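Data first, discussion second: the structure below is written as structure tokens.
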Amino acid sequence: MPDRPARLGTRRSPMATAQSQAVADAITARTGTAVELELITSYGDVTRAHLTQLGGTGVFVNSLREELLSGGIDFAVHSLKDLPTTPADGLTVAAVTERDDPRDALCAREGRKFSDLPAGGTVGTGSPRRAAQLAALRPDLNFVPIRGNAGTRLGKVAQGELDAVVLAYAGLARVGRIDDVTDVFEPEQVLPAPGQGALAVECRTSRAADDLAYLSAVDHTATRAAVTAERVVLAELEAGCAAPVGAYAELLDGRLRLRAAVVSHDGREAVRRERSVPLPQDGDPAEAGASLGRELAREMIGEGADRIVAAAAAENTGDAGEQHRHD
């Protein structure tokens, strides 16, 4: 064990600090290593621009990565769905935590279910993936982009600005707001973001196998295999975390089942595929997940999924996109 508390870097938002504290507590419980949180502000936390305007990828993790590389912190905890699929030079994901509930949740006024929302109702979401899949289910609703932490978004419903918002169920659980959930979307309705519900523990590659080896105590093999499959789909489609791509893999009876969807912004066009493979008795389950993700993504590209992704990216370019490229 180190002679000082390990320094865990986290964003300052209530959700980020809650999930980082949970990882810190798990590390201490399993290894005896003391961990203290270092609060870091990311550009994604302070900008007022919408996620699609920012390009999404890396906007919440770059500040943490800079601290890692400079030695200001020992390791960082990210929501895996926010982590770019392209590895950062000098850094590695030392652990992927056991996944919490990956589903999306509706929080609506008057306790309404999604099917009960009035035609023309306004639903807030910061995710093009959610908006596209929900538009396919209810084209009569208006989906509008929103920013802010969970409390801010839920406040817009309570104040009557919106009929409902859609957030990650796991995130709501981490900040104690499950009572606000009025409906939950099964993967058959809305596929979650790749990696949703799981946390990534990242550190410098040079330290992973030696003085930070205790991080492996919170690594969950089955979750790592599943999220690897999902994130490879995203990478093969050359899509960022703000793209309208949903993917979900789960281990069932020794097989890894992967479902993925790419949906146009209005929900009218979609490519959906599913594939499963047995997990090997020997070898790295994550490698099996990566192969599964590549195979499924190539099938989807053959059906035009990359064209839908490109069209969605083009819709988000403009003045805000120019600003992002200079940041």
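Laboratory data are not the source of any read-out in this text; all were calculated from the coordinates shown. This one's a predicted model, so the numbers in the text were calculated from it and none came from an experiment. We place every Cβ from the backbone using ideal geometry, glycine too, and count neighbours over all the protein chains shown.
For the chain, take the longest principal axis of its alpha carbons; what is the angle in degrees between that and the long axis of helix 14-31, to the nearest 10 within 0 to 90?
It is inclined by approximately 30 degrees.
Ranked by Cβ crowding within 10 angstrom, fewest neighbours first, how are K113, K156, K81 ordered?
Listed from fewest to most nearby Cβ atoms, that is K113, K156, K81.
Sum -39500 (n - 2.57) across every DSSP H segment of at least 4 residues in the chain, then divide by the residue count to get the 222 nm mean residue ellipticity, nearest 500. Don't skip to the answer; put the middle values down first.
Values: 12 runs with 117 residues, N = 327.
Here the helix-only value at 222 nm equals -10500 deg cm²/dmol.
What's the center-to-center distance, using Cα atoms, between segment 290-305 and segment 155-201 in Å?
28
Any idea what the relative contact order of the chain is, in percent, if you count C-alpha pairs under 8 Å spaced at least 6 apart?
21
How do the peptides 170-180, 221-231 rank, highest first, by the average count of neighbouring beta carbon atoms within 10 Å per residue?
On the way: 170-180: 18.0, 221-231: 25.2.
My ranking of the peptides, most packed first, is 221-231, 170-180.
Tell me which label goes with the value of Cα extents along the principal axes in Å computed from the coordinates here: (1) 77, 46, 45; (2) 69, 42, 32; (3) 60, 44, 41.
Here the calculated entry is (3).
Please report the antiparallel percentage of the DSSP beta bridges confined to the chain, to the nearest 5. Please list the in-between numbers first.
Details: 35 of 48 bridges.
Antiparallel bridges: around 75 percent, rounded to the nearest 5.
Considering the options A18, A135, P187, tell which one lies farthest towards the positive end of the dipole of the chain, charges being +1 on Lys and Arg and -1 on Asp and Glu at the Cβ, about the Cα centre.
Farthest towards the positive pole: A135.
Taking the number of other C-beta atoms within 10 Å as the exposure measure, put S127, S20 in order starting with the fewest.
S20, S127
Tell me, what is the percent relative contact order of segment 188-327, built from C-alpha pairs under 8 Å that lie six or more residues apart?
So the answer I get is 25 percent.
May I ask you to list the GluC sites (Glu not before Pro) in segment 124-217 that are in a DSSP loop and have at most 10 other Cβ atoms within 10 Å of their Cβ? Numbers along the way, then the final one.
Numbers: sites: E161, E188, E202; in loops: E161, E188.
Here the sparse-neighbourhood loop sites are E188.
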